[in-house]
Number of protein chains: 2
Amino acid sequence: MTTTTPYAVFDPTLDLELRREVDVPPRLVWRAWTEPELLKQWFTPAPWKTTACELDLRPGGKFRTVMEGPNGERHDSTGCVLFVIPEKLMLFTDALGPGYRPTGSAFMSASVEISPTAAGTLYVARAFHKDEEARQQHEEMGFHQGWGTALDQLVALAKRL
Amino acid sequence: MTTTTPYAVFDPTLDLELRREVDVPPRLVWRAWTEPELLKQWFTPAPWKTTACELDLRPGGKFRTVMEGPNGERHDSTGCVLFVIPEKLMLFTDALGPGYRPTGSAFMSASVEISPTAAGTLYVARAFHKDEEARQQHEEMGFHQGWGTALDQLVALAKRL
């Protein structure tokens, strides 16, 4: 089964998806994703921390995160915003950097789509990979648990906003 | 010197530019770039030919060209449309494929900007590279002559439309 949006085509053999309804409104989910000071508070499952975030929320804009682990690990990743529909959709990739410049290495493109429901928000986060091997690697790195725990943290933060 | 557009930042140490005023209107330059049957007629300096072209002109859309040389060479390249302002700007990359999926290899992103002048069109085509080495490689492949000759062919075609 392949589903289509106007912007990206989800292929379950290549891609990964976290889909969950949460009991906070889309407006707060969007703020948590797009305000760097908020993103830093939920983006990385504890005990990892997101210690820096830069987000220029427009096509071609910079999206940088620095994630640090409990044993001194440090991942500094700079990608590019691809597409934005405020309070509905953000698409970004690490195949490109700011201004769409190729990075020379690519792990994934990703989308976050949110839509209002009676109870709050339908949250759909997707990671798009080059091939099955990359998808499997991401799955084994703990995509579902990692992105799920981060979403728990996002919801807890949204409830304090 | 670094110049900025809303979408991409041109860095002369990393990037290449062809800038020329041509005596055909923006509307026809745009048609030549965006209608695959027209693009095939000018895109590749003779004796190379562009034997296939697919262009889904929207963010995330497929941009594929097949270029064939006089000695049986064949380059089949599939990239992704990034940004479109009709009759003004097209941005695309080979770092991503259709639906923004990473390709795993990237040579460049590119922009074509056109704007009306008294005599016709100011045509600015830019190639954005990962690093100086990639820019130099592209320059030595004959960027200026190749893109310049292709533009001559585009103008000749536009005058027949």
(message) Looking at A:S77, A:S109 in this structure, which one is within 7 Å of chain B (Cβ to nearest Cβ), within 15 Å of the chain's Cα centre (by Cα) and not hydrophobic (A, V, I, L, M, F, W, C)?
(response) A:S109
(message) If B:F92 satisfies all but one of (1) within 11 Å of chain A (Cβ to nearest Cβ); (2) free of Cβ contacts under 8 Å to residues at least 12 places away in the same chain; (3) under 30 Å from A:D11 (Cβ atoms), what's the number of the condition it fails?
(response) (2)
(message) Just to verify a result, which residue in the stretch A:109-118, among those that are touching a strand residue (DSSP E or B) at 6+ places or on another chain (Cβ under 7 Å) and of a type outside the set (G, A, S), is surrounded by the fewest Cβ atoms within 10 Å (Cβ to Cβ)?
(response) A:T117
(request) Collect the residues in the stretch A:26-49 that are part of a loop (DSSP other than H, G, I, E, B), buried (at least 16 other Cβ atoms within 10 Å of the Cβ) and not hydroxyl-bearing (S, T, Y), keeping them in residue-number order. (result) A:F43, A:P45, A:W48
(request) Kindly indicate which of B:R126, B:R64, B:R135 is charged (D, E, K, R), under 20 Å from B:L14 (Cα atoms) and touching a Ser or Thr at 6+ places or on another chain (Cβ under 6 Å). (result) B:R126
(request) Filter the stretch A:8-20 for residues that are under 16 Å from the mean Cα position of the chain (by Cα) and open to solvent by 40 Å² or more (accessible area, probe 1.4 Å) and give the result. (result) A:E17, A:R19, A:R20
(request) Looking for whichever is touching a Cys at 6+ places or on another chain (Cβ under 9 Å) and of a type in the set (V, I, T) here; the options are A:T103, A:T78, A:T121. Which one fits? (result) A:T103
(message) Restricting to the stretch B:55-74, give me the number of residues that are within 14 Å of chain A (Cβ to nearest Cβ) and either open to solvent by less than 20 Å² (accessible area, probe 1.4 Å) or touching a helix residue (DSSP H, G or I) at 6+ places or on another chain (Cβ under 9 Å) (or both).
(response) 7
(request) Give just the number: which of (1) in contact with a strand residue (DSSP E or B) (Cβ under 6 Å, 6 or more places away or on another chain); (2) assigned to a helix (DSSP H, G or I) does A:M90 not satisfy? (result) (2)
(request) Among what's in the stretch B:90-108 and is aliphatic (A, V, I, L, M) and at pLDDT 95 or above, pick the residue that is most open to solvent (accessible area, probe 1.4 Å). (result) B:M108
(request) For A:T103, state whether it is β-branched (V, I, T), within 13 Å of another protein chain (Cβ to nearest Cβ) and touching a helix residue (DSSP H, G or I) at 6+ places or on another chain (Cβ under 7 Å). (result) no
(request) Please determine, by comparing only the residues of the stretch B:119-161 that are away from every other protein chain (no Cβ under 14 Å) and of a type in the set (K, R), which one is surrounded by the fewest Cβ atoms within 10 Å (Cβ to Cβ). (result) B:R160
(request) Would you mind stating whether B:A52 is within 14 Å of chain A (Cβ to nearest Cβ) and either closer than 21 Å to B:V9 by Cα or part of a strand (DSSP E or B) (or both)? (result) no
(request) Output the qualifying pairs, or none if there are none: Cβ atoms under 8 angstrom, residues six or more apart or on different chains, first residue in the stretch B:116-142 and in contact (Cβ under 8 Å) with a residue 24 or more places away in the chain and assigned to a strand (DSSP E or B), second residue acidic (D, E) and surrounded by 21 or more Cβ atoms within 10 Å (Cβ to Cβ). (result) B:R126/B:D15; B:A127/B:D15; B:F128/B:D15
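Residue by residue, here is whether (1) closer than 18 Å to B:T93 by Cα; (2) assigned to a strand (DSSP E or B); (3) in contact with a strand residue (DSSP E or B) (Cβ under 8 Å, 6 or more places away or on another chain); (4) touching a residue at least 12 places away in the same chain (Cβ under 8 Å) holds:
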position: A:G60; (1), (2), (3), (4): yes, no, yes, yes
position: A:M67; (1), (2), (3), (4): no, yes, yes, yes
position: A:S77; (1), (2), (3), (4): no, yes, yes, yes
position: A:F83; (1), (2), (3), (4): yes, yes, yes, yes
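The values are calculated or read from the model by the stated rules, or taken from the named source; none is laboratory data. Given the structure is predicted, the values throughout are model-derived calculations rather than measurements. With ideal geometry, Cβ positions are generated from the backbone for all residues, glycine too; neighbour counts draw on all protein chains shown. Remember, those area values only see protein heavy atoms, side chains included, never the ligands or the DNA or RNA. Shrake-Rupley method; radii C 1.70, N 1.55, O 1.52, S 1.80 Å.
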